[in-house]
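Undergrad: I have a structure here, written as structure tokens, and I will follow up with some questions on it.
The values are calculated or read from the model by the stated rules, or taken from the named source; none is laboratory data. No experiment lies behind these values; they were computed from the predicted model shown. Cβ atoms come from the backbone with ideal geometry, glycine included; neighbour counts cover every protein chain shown. Surface areas here come from the heavy atoms of the whole protein model, side chains and all, with no ligands, DNA or RNA. Shrake-Rupley method; radii C 1.70, N 1.55, O 1.52, S 1.80 Å.
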Amino acid sequence: MLTWNDHHLVLVLARASTVAGAARALGVNETTISRRLAAAELAAGSTLFRRIERKLEPTAAGRAIVEAGEAMERALAASGTKISSAPATVRVSTVMTVIEHMIAPRLSEFVARHPGIVMELVGSNETVSLARREADISIRLQRPERGRLVARRIGRMRFILAGREGTDPTDFIAYERDMDDLPEIATIMARFGNAAPVARIVSLSSITRAVQRGLGAAMLPECMIATTPGVVALDPSVHVERPLWLVVHEDMKERPAVRSAVDWLSDTIHNARPGTGELPHTP
């Protein structure tokens, strides 16, 4: 016999369309979701979901349980019974610089304002798939050109030619080879006569440390120059500004937890103090 927890699990899986999405919604790991689904299918005596193009689609038996779960959910809501005390999780993917310098310093404000939401920050240089629910929200340095995505420009990141204080570097540092077409790398390559970089490093924090030790020049975000001892802007006229886009899938944008996170992230990054990327103090 299926319990309310079984019905609720199937309902959440149907809404999330993926095991990963359901795991985030319920605040548990994917293994737990898979184990609970297997137990529910055993109790129901039927397969409840089919996997179609990486998404879960309820079978006829699954749809019947979803409908029953929705009816139970409405009845519980009408009676004033709290359905679940588990916090909602919103997964945000962006580059580590944005996490470290724009989001994490003010995250306590979000927690105080939304105690029922856990913001999961994932640092990545890769473009995650919002359609496959690899993240709920993505903050990117490029606007997406296709897909059922909603994009909003929320701020900017300014890169300046930087180096170790008191030096005049003759070499420079770049990202991985397949990132040479990025505006900041094209700019520094042109500044150094299209010579080969002295080193290639994937992470901006590691590049900053190398610059700090005098390895060479690099295009660094203002916020990292301002907060790294011994690193200075060598030539402010050599700079690149890149917009920051907040991106969310159309299917997710009206979910309450996602909506709250979108609004807070937009305000927080938009209000970063111009010139440094640092955030203003709020009394």
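Undergrad: How would 250, 165, 184 line up by accessible area, probe 1.4 Å, largest first?
TA: 165, 250, 184
Undergrad: Looking at 28, 5, 77, which one has the Cα that reaches farthest to the positive end of the dipole of the range 1-91 (charges on Cβ: Lys, Arg +1; Asp, Glu -1)?
TA: 28
Undergrad: Another question about this same structure. Per DSSP H run of n ≥ 4, the term is -39500 (n - 2.57); total these for the chain, divide by its residue number, and report the mean residue ellipticity at 222 nm rounded to 500 deg cm²/dmol.
TA: Mean residue ellipticity at 222 nm (helix-derived): -11000 deg cm²/dmol.
Undergrad: Please figure out what share of the DSSP beta bridges in the chain is antiparallel and state it in percent, rounded to the nearest 5.
TA: Rounded to the nearest five, the antiparallel share is 70 percent.
Undergrad: Follow-up. On a C-alpha basis, how far is the centre of the range 148-192 from the centre of the range 222-249 in Å? Whole number, if you could?
TA: 8
Undergrad: Classify the range 17-126 as rounded, prolate or oblate, taking a ≥ b ≥ c as the square roots of the eigenvalues of its Cα gyration tensor: rounded when a/c is under 1.5, otherwise prolate if a/b is larger than b/c and oblate if not. Spell out each step's value before the answer.
TA: Values: a/c = 3.10, a/b = 1.59, b/c = 1.95.
Oblate.
Undergrad: Moving on to the next point. Rg/Rh for the range 184-236: what does it come to with C-alpha atoms and Rh from Kirkwood?
TA: Rg/Rh for the range 184-236 comes to 0.93.
Undergrad: Rank 193, 42, 96 by how far each Cα sits towards the positive end of the charge dipole of the chain (+1 on Lys, Arg Cβ; -1 on Asp, Glu Cβ) and give me just the farthest.
TA: The residue sitting most towards the positive pole is 42.
Undergrad: For residue 267, what charge total do you get from the other residues with a beta carbon under 12 Å from its beta carbon, if Lys and Arg give +1 and Asp and Glu give -1?
TA: +1
Undergrad: With a 1.4 Å probe and all protein chains left in place, how much of the accessible area of the chain comes from carbon and sulfur atoms, in whole percent?
TA: 50
Undergrad: Please compute the length gained on full extension between residue 51 and residue 112, using 0.36 nm multiplied by the number of residues separating them and subtracting their Cα-Cα distance.
TA: Result for the pair: 18.1 nm of gain on full extension.
Undergrad: On to the next question. Note down the magnitude of the dipole of the chain about its Cα centre, charges +1 on Lys and Arg C-beta and -1 on Asp and Glu C-beta and zero elsewhere, to the nearest 20 debye.
TA: It works out to roughly 520 debye.
Undergrad: How much space per residue, in cubic angstrom, does the convex hull of the C-alpha atoms of the chain take up? Walk me through the numbers before you get to the answer.
TA: Working: hull volume 41.3 nm³, N = 283.
Once divided by residue count, the hull of the chain is 146 Å³.
Undergrad: Counting heavy atoms of the protein chains only and a 1.4 Å probe, report the per residue accessible area for the range 205-262 as a whole number of Å².
TA: Dividing the accessible area of the range 205-262 by its residue count gives 40 Å².
Undergrad: In debye, nearest 20: dipole of the range 13-83 around its Cα centre with unit charges on the Cβ of K, R (+) and D, E (-)?
TA: Computed about the Cα centre, the dipole is about 180 debye.
Undergrad: Kyte-Doolittle mean at least 0.0 and Cα extent at least 15 Å along the axis: which DSSP H helices of the chain qualify?
TA: Going by DSSP H runs, the hits are 4-16, 30-44, 60-78, 256-270.
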